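These notes concern the structure reproduced below.
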Amino acid sequence: DAGVIQSPRHEVTEMGQEVTLRCKPISGHNSLFWYRQTMMRGLELLIYFNNNVPIDDSGMPEDRFSAKMPNASFSTLKIQPSEPRDSAVYFCASSGQRRETQYFGPGTRLLVL
Amino acid sequence: AQTVTQSQPEMSVQEAETVTLSCTYDTSESDYYLFWYKQPPSRQMILVIRQEAYKQQNATENRFSVNFQKAAKSFSLKISDSQLGDAAMYFCALRKGGSEKLVFGKGTKLTVNP
């Protein structure tokens, strides 16, 4: 079975540009998570969805960040406008009905110049 | 609030030897789950092992085992017969029952020397 799929794997952009990160969860999983990893703050949960509905977005840094899950097989995390401090690795993860374990995608390494 | 503490920023081990990574946590919940994730240089987060708090038996997965001390709120990871491919960052994580939020420690960087 395919794992969690994320695209792009790497993104380099200039400050002020819009960035869209994409995620396809494991088929059959009904919870999806977006994390950010930086050296300073470690791994932080930004937002998670259950059955396509946002449940907790308390980790979203500010209004420049938004996330959507239009269907069970696709989610996006958008940053508009991007800033250099947004540079990080962004992970998507999903879990199944029993919610016991989260499986992570390979991550998107974002660099904002 | 839940917290996870990994007090060893870096550890090293000789190939074929055994190493133990430490993790302590704090939670007021009685129902929770503990995890160890591995992050190699590729940055992929890989689940190593999982422990349910209600289970007294320590979880094992091949060369990986845990020492779960519930009263002491300690959850250490033992890697036996260390291999070069075990070199990675290791993260301890906690999730309380009924919630889907994972709280991660800061990680321990493991180096395996040939």
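The values are calculated or read from the model by the stated rules, or taken from the named source; none is laboratory data. Fair warning: this is a prediction, and the values are worked out from it, not measured in the lab. Cβ placement follows ideal geometry from the backbone for every residue including glycine, while neighbour counts extend to all protein chains displayed. We work out accessible area using only protein heavy atoms, side chains counted, and drop any ligands, DNA or RNA first. Shrake-Rupley method; radii C 1.70, N 1.55, O 1.52, S 1.80 Å.
How many percent of the accessible area of chain B is carbon or sulfur, using a 1.4 Å probe? Within chain B, the accessible surface is 45 percent carbon and sulfur.
Size check on the protein assembly as shown: the Cα extents along the three principal axes, sorted descending, read 49, 39, 35 Å. What does the extension gain come out to for residue A:51 and residue A:2, with contour length at 0.36 nm per residue minus their alpha carbon separation? This chain segment gains 15.7 nm when fully extended. Length available on full extension from residue A:10 to residue A:109: 0.36 nm per residue minus the Cα-Cα distance, which gives 35.2 nm. The Cβ shell under 13 Å around residue B:79 holds other residues with a net charge of -2, Lys and Arg each +1, Asp and Glu each -1.
Hey, in the GNM for chain B with a 10 angstrom Cα cutoff, which one of B:29, B:100, B:61 fluctuates hardest? Between B:29, B:100, B:61, it is B:100 that shows the largest mean-square fluctuation. Residues of the stretch B:3-51 whose accessible area (probe 1.4 Å, heavy atoms of protein chains only) drops by at least 50 Å² once all protein chains are present, relative to their chain alone: B:43, B:44, B:45. Looking at chain B, the DSSP beta bridges with both ends there are about 85 percent antiparallel.
Using a cutoff of 8 angstrom between alpha carbon atoms and counting only pairs six or more residues apart, the relative contact order for chain B works out to 38 percent.
Across chain A, the convex hull enclosing all Cα atoms gives 93 Å³ per residue. Multiplying the residue separation of residue A:64 and residue A:41 by 0.36 nm and subtracting their alpha-carbon distance yields 6.4 nm. For residue B:47, the solvent-accessible surface with a 1.4 Å probe is about 50 Å², rounded to the nearest 10. Taking B:39, B:51, B:69 in turn, the Gaussian network model of chain B (Cα-Cα springs below 10 Å) assigns the largest fluctuation to B:69. Just the number, please: carbon plus sulfur as a percent of the accessible area of chain A, 1.4 Å probe, no ligands or DNA/RNA counted. Its accessible area is 49 percent carbon and sulfur atoms. The alpha carbon centroids of the stretch A:1-34 and the stretch A:38-113 are separated by 8 Å.
Taking all protein chains into account, the per residue accessible area for chain A stands at 50 Å² (1.4 Å probe). Considering only alpha-carbon pairs that sit under 8 angstrom and 6 or more positions apart, the relative contact order computed for the stretch A:56-113 is 28 percent.
Between residue B:28 and residue A:98, the modelled label-to-label distance comes to 3.0 nm, taking each label 7 Å out from Cα in the direction of the beta carbon. When accessible surface is computed with a 1.4 Å probe, chains A and B are found to bury approximately 1800 Å² between them, both chains counted.
Counting heavy atoms of the protein chains alone, residue A:92 has an accessible area of about 0 Å² for a 1.4 Å probe. Shape call for the stretch B:33-95 from the C-alpha gyration tensor, a ≥ b ≥ c root eigenvalues: rounded (a/c under 1.5), prolate (a/b greater than b/c) or oblate? Prolate is the answer for the stretch B:33-95, as a/c is 1.5 or above and a/b outweighs b/c.
Across A:33, A:74, the residue with the most accessible area heads the list, and the full order at a 1.4 Å probe is A:74, A:33.
Normalised by 2.2 N^0.38 Å, where N counts its residues, the alpha-carbon radius of gyration of the stretch B:7-114 equals 1.04.
Measuring against 30 Å, Cα to Cα, the residue pairs A:68/B:70; A:24/B:78; B:38/B:70; A:68/B:38 contain A:68/B:70; A:24/B:78 as the ones spanning a longer distance. Legend: residues in the stretch B:70-114 shielded by at least 10 square angstrom of accessible surface upon adding the remaining protein chains to the isolated chain (1.4 Å probe, heavy atoms) are B:91, B:95, B:100, B:101, B:102, B:104, B:106. For chain A, the relative contact order comes to 37 percent (Cα pairs under 8 Å, sequence separation of at least 6). Surface exposure of chain B, expressed per residue as accessible area with a 1.4 Å probe, stands at 49 Å². Among A:50, A:30, A:71, the largest mean-square fluctuation in a Gaussian network model of chain A (Cα springs under 10 Å) belongs to A:71.
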